[in-house]
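For reference, the structure discussed in these notes is given below.
The values are calculated or read from the model by the stated rules, or taken from the named source; none is laboratory data. Being a predicted model, the structure only gives us computed values, none of them experimental. Because the Cβ atoms are built from the backbone with ideal geometry, glycine has one as well, and the counts that use them run over all protein chains shown.
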Amino acid sequence: MSPELLQTTYPRQFVPPEADLGTWEQVEPLFRSLLDRPVESPEALERWLLDWSELGAALSEERARRYVAMTQQTDDPQREAVYLQFVREVQPRAEPLWFEVRKRYLELRERFPLPQRRYFVLDRDTQNAVSLFREENVPLRVQEDELEQRYQRVTGAWTVRFRGQEYTVQQMARFLEEPDRATRQEAWEAVVRRRLLDREVLDGLYDALVALRHRIAQNAGFPDYRAYAFRAFGRWDYTPEDCLAFHAAVERHVVPLLRTLHEDRRARLGVDRLRPWDLEVDPQGRPPLRPFAGGSELAERAVRVFERVHPELGAQFRFLAERGLLDLDSRKGKAPGGYQATLDERRWPFIFMNAVGVAADVRTVVHEGGHAFHTLAVREEPLLSYRHAPTEFSEVASMGMEVLSLPHLDVFYPDPEDRERARREFFEGVVRLLPWIATIDLFQHHVYTRPEHTREERTAWWVEIHRRFQPVVDWSGYEEAEACLWHRQLHLFLYPFYYIEYGIAQLGALQLWLQSLEDYEDAVARYRAALRLGGSRPLRELFEAARLRFRLGSDVVPPVAHALREALQRS
């Protein structure tokens, strides 16, 4: 998409330009208008769908703007109040009316046939949403949002006093890369102590969230939240059993490679035991990679990387920087983690992260950049639902950009030795990520299929699973820290069961990487063509458009593990 098209605006045709979408009295009549409008032809139905999309986009952006502002400064009570006002007063009132709108669409669809291929995904998703809706779940969703926001507030307040200065937990990551082992241990212990101060709070929050989600599932007629989540996410192409097969394949084919990497790291460091604070340092004792200084430099260098992948992508990222659609630096009060939020009405992405100047930040900005390019690729799609792809493929967009950026690491690392280090760290990161995905996903299978569990049982599950997929590292003396390690994974609190997608997408991205080694330009072209489909086609077709195999189990994990092993042996 050219820079000119990026500036295209989409004036409201249905929602009044001056409407205050944070005020229910101004929102409700718009729903009533959709529900009461006569529709007497297929053409009128398609116009009705466009107005539905416009209202959905306007409300979505209203919520997103408030959410972004709240996460940018979690210690600002005013921002929190503005976000919660929408969550408590507008969102729960809108949900029953969205249900009525979806029901009306299905009724009108019966009367006025529309092209089956064009509307297949919309029809399927609408039918699914109607079947899952229960009015008694609306107030429970509000409670869930409030609990999730509390997690953001608690973790956003985490700072550490270290050697006379105050740092965010994200900023402390720099010290874990220091060659001096005593410094690393001291920094790691300082972070752990801070996190453990909120152990009871976070355990209590998770107890409440699990119980609440189980009620939501039961209200919708499901035996547990896992069954409900698979339907709610529209996981038509794989099952819980497929996820378990993924876990087993990772344990069999990737964990041995991780074990080898960890043993090699231990030997190179010259230590008897590999400890948690030994995982980020260069095993050869070289100084940490420092690829940029500050968010502005990170953004400028990212532009140059994306320009090399494709000139249009560089122009798009520069546009985001110029429009204030990037918030990259870590700071006190800022929520942890990173995300790309879509401003659905303007059809622009917003990238949020906590950069502190380490190599991992490069991967994060490239990852979120992939999401942003996905959002921009579908700007001209008129239907809101088709401007959002299934999450399994949305993560291919981000992880695919990571692999497509590999040939251009010299932008961040001019020195060939540093560049080779960064490349090796990338592949080591993939080897570490796949078992972590299995760990987080399997933990949730245990938690949500046994909702009456005790905290002691949950801790035992976590420790057993963690040790199964994370070999060699010695946690002795820090058992409490290991038992609470899952607290740092925000997906467990904010996005339940949203994690296997990273595994599916990583397998797809690695296939894209192998394609790029044979024909880079063709791989980029297929990747971008698949992004332009948005969510208009079923998941498998999106993978096929990028010439990727959609698989989870033993038929795709072994060749990927083999390719990773070879890449690491070459570095």
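Among residues belonging to the stretch 277-302 that are closer than 15 Å to Leu261 by Cβ and not acidic (Asp, Glu), point out the one that is surrounded by the most Cβ atoms within 10 Å (Cβ to Cβ). Before the answer, list the steps.
Filtering the stretch 277-302 for residues closer than 15 Å to Leu261 by Cβ gives 278-284.
Next, from what is left, pick out any that are not acidic (Asp, Glu): 279, 281, 283-284.
Numbers: Leu279: 18, Val281: 21, Pro283: 16, Gln284: 9.
Here the answer is Val281.
State whether one or more residues within the stretch 132-143 are under 25 Å from the mean Cα position of the chain (by Cα), of a type outside the set (A, V, I, L, M) and within 30 Å of Arg290 (Cα to Cα). Checked the stretch 132-143: no residue is under 25 Å from the mean Cα position of the chain (by Cα), of a type outside the set (A, V, I, L, M) and within 30 Å of Arg290 (Cα to Cα). Given the conditions (1) under 29 Å from the mean Cα position of the chain (by Cα); (2) of a type in the set (D, E, K, R); (3) within 30 Å of Leu289 (Cα to Cα), report the number of the one that Asp180 does not fulfil. Unmet condition: (1).
Residues that are part of a helix (DSSP H, G or I) and in contact with a Pro (Cβ under 7 Å, 6 or more places away or on another chain) do not occur anywhere in the stretch 453-467.
Listed conditions (1) within 22 Å of the chain's Cα centre (by Cα); (2) in contact (Cβ under 8 Å) with a residue 60 or more places away in the chain; (3) closer than 20 Å to Trp436 by Cα are all met by Val255, apart from (1). Quick one: count up the residues across the stretch 322-362 that are within 18 Å of His408 (Cβ to Cβ), at pLDDT 95 or above and not β-branched (Val, Ile, Thr). The number of residues fulfilling the criteria is 1. Any residue at all in the stretch 507-516 that is of a type in the set (A, V, I, L, M), outside any helix (DSSP H, G or I) and over 25 Å from Thr439 (Cβ atoms)? No, every residue in the stretch 507-516 fails to be of a type in the set (A, V, I, L, M), outside any helix (DSSP H, G or I) and over 25 Å from Thr439 (Cβ atoms). If only residues of the stretch 491-507 that are within 10 Å of the chain's Cα centre (by Cα) and farther than 15 Å from Ala208 by Cα are counted, the one that is modelled with the lowest pLDDT is Tyr498. Each residue in the stretch 514-568 was checked for being over 30 Å from Glu420 (Cβ atoms), of a type in the set (D, E, K, R) and more than 24 Å from the chain's Cα centre (by Cα), and 1 of them qualify. For the stretch 312-330, the count of residues that are of a type in the set (Phe, Trp, Tyr), under 30 Å from Leu384 (Cβ atoms) and within 21 Å of the chain's Cα centre (by Cα) is nonzero. When Glu544, Glu482, Glu566, Glu521 are checked against the criterion of being touching a His at 6+ places or on another chain (Cβ under 8 Å), in a helix (DSSP H, G or I) and of a type in the set (D, E, K, R), a single residue qualifies: Glu482.
Can you pull out the helices (runs of 4 or more DSSP H) entirely within the stretch 180-285 that have at least 1 residues that are closer than 27 Å to His388 by Cβ and of a type in the set (D, E, K, R)? Please lay out each step first, then the result.
Values: elements: 181-197, 199-219, 225-232, 240-253, 255-269.
Counting at least 1 such residues, we get 199-219, 225-232, 240-253.
Only one of the listed residues (Val101, Val39, Val90) is crowded, with 17+ Cβ neighbours inside 10 Å and either over 29 Å from Pro139 (Cβ atoms) or out of contact with any Phe, Trp or Tyr (no Cβ under 9 Å at 6 or more places or on another chain) (or both). That residue is Val39.
Of all residue pairs spaced 6 or more apart or on separate chains, those with beta-carbon atoms under 6 Å, a first member in the stretch 551-571 that is over 14 Å from Glu251 (Cα atoms) and a second member that is aromatic (Phe, Trp, Tyr) and part of a helix (DSSP H, G or I) are Leu564/Phe427; Ala567/Phe427; Leu568/Phe427. Pairs linking a residue in the stretch 22-41 that is under 28 Å from Tyr83 (Cα atoms) to a residue that is small (Gly, Ala, Ser) and part of a helix (DSSP H, G or I), with Cβ atoms under 7 Å and 6 or more positions apart or on different chains, are Val27/Ala94.
Take Val138 and decide whether it is closer than 25 Å to Leu490 by Cβ, without any contact (Cβ under 8 Å) to a residue 60 or more places away in the chain and out of contact with any Pro (no Cβ under 8 Å at 6 or more places or on another chain). Write out each step before concluding.
Details: closer than 25 Å to Leu490 by Cβ: yes; without any contact (Cβ under 8 Å) to a residue 60 or more places away in the chain: yes; out of contact with any Pro (no Cβ under 8 Å at 6 or more places or on another chain): no.
Against the criterion (closer than 25 Å to Leu490 by Cβ, without any contact (Cβ under 8 Å) to a residue 60 or more places away in the chain and out of contact with any Pro (no Cβ under 8 Å at 6 or more places or on another chain)), Val138 does not qualify.
Scanning the stretch 315-340 for residues that are assigned to a loop (DSSP other than H, G, I, E, B) and farther than 16 Å from Leu298 by Cβ yields a count of 6. Pairs are defined by a Cβ separation below 8 Å, a sequence spacing of at least 6 or placement on different chains, a first member in the stretch 405-416 that is at negative phi, and a second member that is not acidic (Asp, Glu) and not in a helix (DSSP H, G or I); the pairs so defined are Phe412/Pro291; Phe412/Phe292; Tyr413/Leu289; Tyr413/Pro291.
Would you check if there is a residue in the stretch 196-218 being farther than 26 Å from Pro276 by Cα and more than 26 Å from the chain's Cα centre (by Cα)? Checked against the condition, which is being farther than 26 Å from Pro276 by Cα and more than 26 Å from the chain's Cα centre (by Cα), the stretch 196-218 yields at least one hit.
Just to confirm my filter: which helices (runs of 4 or more DSSP H) fall fully inside the stretch 17-128 and include at least 2 residues that are at pLDDT 95 or above, hydrophobic (A, V, I, L, M, F, W, C) and closer than 25 Å to Val378 by Cβ? First the steps, then the outcome.
On the way: elements: 24-36, 42-72, 77-85, 91-111.
Qualifying helices (runs of 4 or more DSSP H): 24-36, 42-72, 91-111.
Gly534 satisfies every condition listed in (1) small (Gly, Ala, Ser); (2) surrounded by fewer than 20 Cβ atoms within 10 Å (Cβ to Cβ); (3) at positive phi except (2). Residue-level analysis places Glu501 among those that are within 30 Å of Thr454 (Cα to Cα) and either crowded, with 19+ Cβ neighbours inside 10 Å or β-branched (Val, Ile, Thr) (or both). Among the residues of the stretch 374-383, some residue qualifies, meaning at least one is over 30 Å from Gln165 (Cβ atoms), in a loop (DSSP other than H, G, I, E, B) and of a type in the set (Val, Ile, Thr).
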